[in-house]
Amino acid sequence: MNTVTGVTLRLDGSRWREHLATVAGATPGIVPVIKGNGYGYGLERLASESATLGADTIAVGMPREVAVVADAFAGDIVILNPWNSDSETARELLSHPRVITTVSRLADLVTLADLGLRPRVLVEVLTSMRRHGIPAAELAAAATRLDGVRFEGWSIHLPLRAEGRYVEVERLSRAALGAAPGPLWLSHLPPEEAYGLARQLGGADAGPVPLRLRVGTRLWLGDASTRMTTATVLDVHPVQRGERAGYRQRVCPADGWIVVVSGGTSHGIGMEAPTSASTVRQRAVALATGSLQAAGLALSPYTIAGKKRWFLEPPHMQSSQLFLPGRETPPEIGDEVPVELRLTTATVDQVLIQEGQRRSS
Ligand SMILES: *Cc1c(COP(=O)(O)O)cnc(C)c1O
């Protein structure tokens, strides 16, 4: 008998932690990234897992996320989004002893250096991402203002594409270290390449350049076999071909079942727009052939009896209506069915961590 309802993320705790430890072990200087929806797990949970892993520093995205993780993690906290004088929270955090602020514009560095607070600061270098950062040509000017802050290093955020990545990071790192020595904080460079770079850039006597590697997705979501996401069957209704159902009163393309499952737009489900079988001809084809695709139904992320099923219509706020052909046996109310979620955009109703066992559906 099921005791859970809603959208559930089940985690095999010991295998997940094994994966985390493997990634951390292969990535000395790792900085776990914990931001947004907490990669589906939640920010606080990841903060305490980072502590368990032995990380000395984590990174959040926005200033307001610091307060969410600060109790669960006792080490340093980097704010990845560039400092912005409009954010009152960001200004207050300049004096926080455990917080490291990222500065991505020369003018902002000048402002922070003149405050007299000597905040802990990473200076971001502009990459081919062209998201944030100080262009290489201005790094020498930036270096002249580092006396006014506690300089923690250079931040370089690379694109995910491998082609040209190493050449770029080497060029930018040389420019940065030429302006001022300091640790390199890198994203999206495989550890082997990063440590190779650190050795290459280090002096013969000084040893490799100190390196910090920020990792989010590969750490938290890197082993899909450690987790399973499910939804609950909330209701099942028989329908006949030609009958209407749903908000949009769509015509059902065949005899079958409407299966109502938990999970909707508020869970981040079904962001893709279904096709619209709007023409009379298409609807006629659909009714004649019973083809769900011709009927304009969109494939859903829900699996019933081993197959992805079709949405009757776009997901609602907290539930979805699926269409199941009549030759099939419908699931029972209360059954859990697998649902494929993109965990960086999903909000689940509960995370259940199970130790040393997995359910098979
Ligand atoms: C979000 C973010 C990361 C983590 O990205 P993943 O692809 O989830 O590993 C790393 N660095 C910076 C600067 C980021 O903003």
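Is there a residue in region 118-127 that is in contact (Cβ under 8 Å) with a residue 60 or more places away in the chain and within 25 Å of PRO28 (Cα to Cα)? Break it down stepwise before answering.
Step one: list which residues in region 118-127 are in contact (Cβ under 8 Å) with a residue 60 or more places away in the chain, which gives 122.
Retained after the next criterion (residues that are within 25 Å of PRO28 (Cα to Cα)): 122.
Yes - at least one qualifying residue is present in region 118-127.
Restricting to region 124-143, and then to whatever is within 13 Å of the ligand (Cβ to nearest atom) and in a strand (DSSP E or B), can you tell me which residue is nearest to ALA90 (Cα to Cα)? If you could, list the steps in order and put the result at the bottom.
Narrowing region 124-143 to residues within 13 Å of the ligand (Cβ to nearest atom): 124-127, 129, 131-133.
Still in the running and in a strand (DSSP E or B): 124-125.
On the way: GLU124: 16, VAL125: 20 Å.
Here the residue is GLU124.
If you check ARG161 against the conditions, is it within 16 Å of the ligand (Cβ to nearest atom) and free of Cβ contacts under 8 Å to residues at least 12 places away in the same chain?
Details: within 16 Å of the ligand (Cβ to nearest atom): yes; free of Cβ contacts under 8 Å to residues at least 12 places away in the same chain: yes.
So ARG161 fits the description; yes.
In region 45-58, how many residues are under 22 Å from VAL123 (Cα atoms) and within 15 Å of the ligand (Cβ to nearest atom)?
Here the count works out to 3.
List pairs: first residue in region 313-335 and closer than 20 Å to VAL4 by Cα, second residue among the charged types (D, E, K, R) anywhere in the structure, Cβ distance under 8 angstrom, at least six positions apart or on different chains.
GLN321/GLU313; ILE333/ASP235
Quick check on this structure: which one of VAL33, VAL68 is under 19 Å from the mean Cα position of the chain (by Cα) and touching a residue at least 60 places away in the same chain (Cβ under 8 Å)? Lay out the reasoning, then the answer.
Numbers: VAL68 fails: touching a residue at least 60 places away in the same chain (Cβ under 8 Å).
Result: VAL33 is the single residue among VAL33, VAL68 that is under 19 Å from the mean Cα position of the chain (by Cα) and touching a residue at least 60 places away in the same chain (Cβ under 8 Å).
For region 264-283, enumerate the residues that are at pLDDT below 70 and small (Gly, Ala, Ser). Please lay out each step first, then the result.
Of all residues in region 264-283, those at pLDDT below 70 come to 271-283.
Passing the criteria: ALA273, SER276, ALA277, SER278.
Testing THR111 on (1) under 30 Å from GLU163 (Cα atoms); (2) of a type outside the set (A, V, I, L, M); (3) in contact (Cβ under 8 Å) with a residue 12 or more places away in the chain, one condition comes back false. Which one is that?
(1)
Given (1) of a type in the set (Ser, Thr, Tyr); (2) at pLDDT below 95; (3) surrounded by fewer than 19 Cβ atoms within 10 Å (Cβ to Cβ), identify the lone condition not met by SER300.
Result: SER300 passes all but (3).
Taking region 189-226, which residues are within 16 Å of the ligand (Cβ to nearest atom) and not hydrophobic (A, V, I, L, M, F, W, C)? Please lay out each step first, then the result.
In the first step, residues of region 189-226 are kept if they are within 16 Å of the ligand (Cβ to nearest atom); the result is 189-191, 193-194, 211-224.
Selection gives PRO190, PRO191, GLU193, ARG212, ARG214, GLY216, THR217, ARG218, GLY222, ASP223.
Which condition from (1) out of contact with any helix residue (DSSP H, G or I) (no Cβ under 7 Å at 6 or more places or on another chain); (2) in contact (Cβ under 8 Å) with a residue 60 or more places away in the chain is the one that LEU219 breaks?
(1)
Quick check: is even one residue across region 59-66 basic (Lys, Arg), under 24 Å from GLU152 (Cα atoms) and within 15 Å of the ligand (Cβ to nearest atom)? Before the answer, list the steps.
So the first thing to find is which residues in region 59-66 are basic (Lys, Arg), and the list is 64.
Next, only the ones that are under 24 Å from GLU152 (Cα atoms) stay: 64.
Right, trim to within 15 Å of the ligand (Cβ to nearest atom) and you get none.
No: zero hits.
Quick one: in region 144-156, which of the residues that are more than 19 Å from GLY196 (Cβ to Cβ) and not β-branched (Val, Ile, Thr) is farthest from the ligand (Cβ to nearest atom)? Quick ask: steps written out before the conclusion?
Kept after step one, since they are more than 19 Å from GLY196 (Cβ to Cβ), are these residues of region 144-156: 144-152, 155.
Filter once more, so that each one left must be not β-branched (Val, Ile, Thr): 145-148, 150-152, 155.
On the way: ARG145: 22, LEU146: 20, ASP147: 25, GLY148: 24, ARG150: 20, PHE151: 18, GLU152: 14, SER155: 7 Å.
The qualifying residue farthest from the ligand (Cβ to nearest atom) is ASP147.
Of all residues in region 178-188, which are more than 16 Å from the ligand (Cβ to nearest atom) and not hydrophobic (A, V, I, L, M, F, W, C)? Can you show your working first?
Narrowing region 178-188 to residues more than 16 Å from the ligand (Cβ to nearest atom): 178-182.
Residues satisfying the conditions are GLY178, PRO181, GLY182.
Taking ALA224 as the residue in question, decide whether it is closer than 28 Å to THR8 by Cβ and without any contact (Cβ under 8 Å) to a residue 12 or more places away in the chain.
Working: closer than 28 Å to THR8 by Cβ: yes; without any contact (Cβ under 8 Å) to a residue 12 or more places away in the chain: yes.
Taking the combined requirement at face value, the residue satisfies it.
Which one is surrounded by the most Cβ atoms within 10 Å (Cβ to Cβ) among residues in region 26-40 that are within 13 Å of the ligand (Cβ to nearest atom) and not in a strand (DSSP E or B)? Walk me through how you get there before you give the answer.
Taking region 26-40 as the starting set, the residues that turn out to be within 13 Å of the ligand (Cβ to nearest atom) are 27, 30-40.
Add one more test, that the residue is not in a strand (DSSP E or B), and what stays is 27, 34-40.
On the way: THR27: 22, ILE34: 29, LYS35: 21, GLY36: 15, ASN37: 15, GLY38: 22, TYR39: 20, GLY40: 24.
Residue satisfying both the conditions and the ranking: ILE34.
LEU112: hydrophobic (A, V, I, L, M, F, W, C), closer than 10 Å to VAL149 by Cβ and assigned to a helix (DSSP H, G or I), yes or no? Before you say what the answer is, go through the steps one by one.
Numbers: hydrophobic (A, V, I, L, M, F, W, C): yes; closer than 10 Å to VAL149 by Cβ: yes; assigned to a helix (DSSP H, G or I): yes.
Yes.
Quick test for you: out of ARG241, ARG250, pick the one residue that is exposed (fewer than 15 other Cβ atoms within 10 Å of the Cβ) and in contact with an Asp or Glu (Cβ under 9 Å, 6 or more places away or on another chain).
Details: ARG250 fails: exposed (fewer than 15 other Cβ atoms within 10 Å of the Cβ).
When all the criteria are applied, what remains is ARG241.
Among ALA67, ALA47, which is surrounded by 22 or more Cβ atoms within 10 Å (Cβ to Cβ) and over 14 Å from ARG150 (Cβ atoms)? Walk me through it before giving the result.
On the way: ALA67 fails: surrounded by 22 or more Cβ atoms within 10 Å (Cβ to Cβ).
It is ALA47.
Filter region 79-88 for residues that are buried (at least 17 other Cβ atoms within 10 Å of the Cβ) and over 17 Å from the mean Cα position of the chain (by Cα); which is farthest from the ligand (Cβ to nearest atom)? Spell out how you get there, then give the answer.
The initial filter retains those residues of region 79-88 that are buried (at least 17 other Cβ atoms within 10 Å of the Cβ), namely 79-83.
Adding the requirement that they be over 17 Å from the mean Cα position of the chain (by Cα) leaves 82-83.
Values: PRO82: 10, TRP83: 14 Å.
My answer is TRP83.
The values are calculated or read from the model by the stated rules, or taken from the named source; none is laboratory data. Predicted, not measured: the structure shown is a model, and the values here were computed from it. We place every Cβ from the backbone using ideal geometry, glycine too, and count neighbours over all the protein chains shown.
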